[in-house]
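Trainee: Here it is, the structure in full.
The values are calculated or read from the model by the stated rules, or taken from the named source; none is laboratory data. Quick caveat, the model's predicted, so the values are computed rather than measured. FYI the Cβ positions are ideal-geometry reconstructions off the backbone, even for glycines, and counts take in every protein chain you see. When the accessible area is computed, the model is the full protein with side chains, heavy atoms only, and any ligands, DNA or RNA have been set aside. Shrake-Rupley method; radii C 1.70, N 1.55, O 1.52, S 1.80 Å.
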Amino acid sequence: MRVLMVGVDEKRYGGMWTVANNYIKNKKFNEKVDLDYVATSTNGNAFKRLFFMFKGFKKIKRILKNKKIDIVHIHMAERGSTFRKGHIAMMTKKKGCKVVVQLHAGPFMAWYNTLKESKKKKIVKIFECSDKVLVLGEYWKKELASIINPDKMEVLYNGVQIPNRNLFDISSENIVYMGVLKREKGIYDLIDAIESINEKIPQNIKVLLCGNDLEGDIAALIKEKKLENRIKLLGWIDEQKRDDVYRKSLISVLPSYFEALSMTIIEAMSYGIPIITTNISTMREILGEKAMLVKPGNVKQLANSILKIVNDKEKLNEMSKDEYNIVCKKFSIENNIAQTLDIYSNLMESD
């Protein structure tokens, strides 16, 4: 089975690259599939991104000319990604390929509803030409039903590599935020929350911010609030450093306003780290009924949630056990790969 997969490159830190890279590296997947991966999006200025996109399109056309591609698997988000990848979906469908769109977008419908009717119609056509649309949760299946045929949609949870035992260490002293540092991820809410309880939590507890500062003012804000001894700005960290941070984390916090299916939440769960996040999209679906969820933008509620569990060892251990059990059942790479291969096989048999 020959598969052409289209997504972003490794410079686009985030969930889409993490998911794509799982396919690229997975031994079982590559034993079953003859895979070509083409990135059509990268970081950089507008000229660099445009050049990279056309270079990717050219490579796709060359692959289609030289190989009989059975399935084109497209990783798509909202905005420019939808139209860029939509062009590829329609082009490859005309070539006789089966088209699978894996939708990663968080605020997709909120964005869609702001568009002119002409653009809305174009997006609907993109999904109509797709043979299968993979969504990141039952929440998204309901959310997107007005523009995508429900019969075409299938829930495919992201997968992570899960340690063979719960690695949570109750003696850890770090609160970790993992992800790009930008307003939509709630980074300012977290800093404000920590400021409000700074005198109430043990001095040995440190808050580690792991991710690129897309706003450009986080370091200055930490200094302005005199939180340099509490909050450590680590920037982007590689896989080895991320493993080290997770192993030493007491709590993971992600006060995001928009998420499709958060890879950082699932990764933290795989280490058994108790999580505080927001009551948006799939968070309840991921974490279960006992999840500690707050309203996006509610700094007081966020601060109280951190304060409530930071010294409660019984609660932390209970949350750790529940979350590790959930991730093992629902979010392993093995489950993700097996389901993807089943989807491919069913598409090939549908002719």
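Trainee: Working carefully through the options 90, 109, find the one that is touching a residue at least 12 places away in the same chain (Cβ under 8 Å), among the aliphatic types (A, V, I, L, M) and open to solvent by 40 Å² or more (accessible area, probe 1.4 Å).
Mentor: So the residue among 90, 109 that is touching a residue at least 12 places away in the same chain (Cβ under 8 Å), among the aliphatic types (A, V, I, L, M) and open to solvent by 40 Å² or more (accessible area, probe 1.4 Å) is 90.
Trainee: Next question. Report the residue count in the range 52-65 for those that are open to solvent by 100 Å² or more (accessible area, probe 1.4 Å) and more than 26 Å from the chain's Cα centre (by Cα).
Mentor: Residues meeting the conditions: 4.
Trainee: Taking only pairs six or more apart or across chains, which ones have beta-carbon atoms under 7 Å, a first residue in the range 288-300 that is without any contact (Cβ under 8 Å) to a residue 24 or more places away in the chain, and a second residue that is open to solvent by 40 Å² or more (accessible area, probe 1.4 Å) and not basic (Lys, Arg)?
Mentor: Partner pairs satisfying both residue conditions: 293/279; 295/279; 295/301.
Trainee: Residue 275 - would you say it is open to solvent by less than 10 Å² (accessible area, probe 1.4 Å) and without any contact (Cβ under 8 Å) to a residue 40 or more places away in the chain?
Mentor: No; evaluated as a whole, the condition is false for this residue.
Trainee: Determine whether the range 280-296 contains at least one residue that is buried (at least 22 other Cβ atoms within 10 Å of the Cβ), modelled with pLDDT of 95 or more and on the phi > 0 side of the Ramachandran plot.
Mentor: no
Every residue, every condition in (1) surrounded by 15 or more Cβ atoms within 10 Å (Cβ to Cβ); (2) within 23 Å of the chain's Cα centre (by Cα); (3) part of a helix (DSSP H, G or I); (4) not aromatic (Phe, Trp, Tyr), yes or no:
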position: 120; (1), (2), (3), (4): no, no, yes, yes
position: 127; (1), (2), (3), (4): yes, yes, yes, no
position: 134; (1), (2), (3), (4): yes, yes, no, yes
position: 157; (1), (2), (3), (4): yes, yes, no, no
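Trainee: Hey, another quick one. When you scan the range 176-252 for helices (runs of 4 or more DSSP H) that lie fully inside it, which ones turn up with 2 or more residues that are over 25 Å from residue 319 (Cα atoms) and open to solvent by less than 70 Å² (accessible area, probe 1.4 Å)?
Mentor: Qualifying helices (runs of 4 or more DSSP H): 218-224.
Trainee: Now for a separate question. Of the conditions (1) surrounded by 21 or more Cβ atoms within 10 Å (Cβ to Cβ); (2) in a helix (DSSP H, G or I), residue 261 fails just one. Which one is it?
Mentor: Failing condition for residue 261: (2).
Trainee: Among the numbered conditions (1) within 30 Å of residue 247 (Cα to Cα); (2) modelled with pLDDT of 95 or more, tell me where residue 149 comes up short.
Mentor: Exception for residue 149: condition (1).
Trainee: Hey, any hits in the range 146-158 for a residue that's out of contact with any Asp or Glu (no Cβ under 6 Å at 6 or more places or on another chain), in contact (Cβ under 8 Å) with a residue 60 or more places away in the chain and under 27 Å from residue 318 (Cα atoms)?
Mentor: yes
Trainee: For the range 1-46, name all the residues that are open to solvent by 10 Å² or more (accessible area, probe 1.4 Å), part of a strand (DSSP E or B) and over 19 Å from residue 158 (Cβ atoms).
Mentor: 2, 34, 36 - these are the residues of the range 1-46 that are open to solvent by 10 Å² or more (accessible area, probe 1.4 Å), part of a strand (DSSP E or B) and over 19 Å from residue 158 (Cβ atoms).
Trainee: I've got another one for you. Pairs please, first residue from the range 333-351 and within 19 Å of residue 269 (Cβ to Cβ), second anywhere and assigned to a helix (DSSP H, G or I) and basic (Lys, Arg), Cβ atoms under 6 Å, 6+ apart in sequence or on different chains.
Mentor: Sorted first by the residue in the range 333-351, then by its partner, the pairs are 337/28.
Trainee: Could you pull out the residue among 195, 224, 184, 215 that is of a type outside the set (Gly, Ala, Ser) and in contact (Cβ under 8 Å) with a residue 60 or more places away in the chain?
Mentor: After ruling out the rest, the residue left standing is 184.
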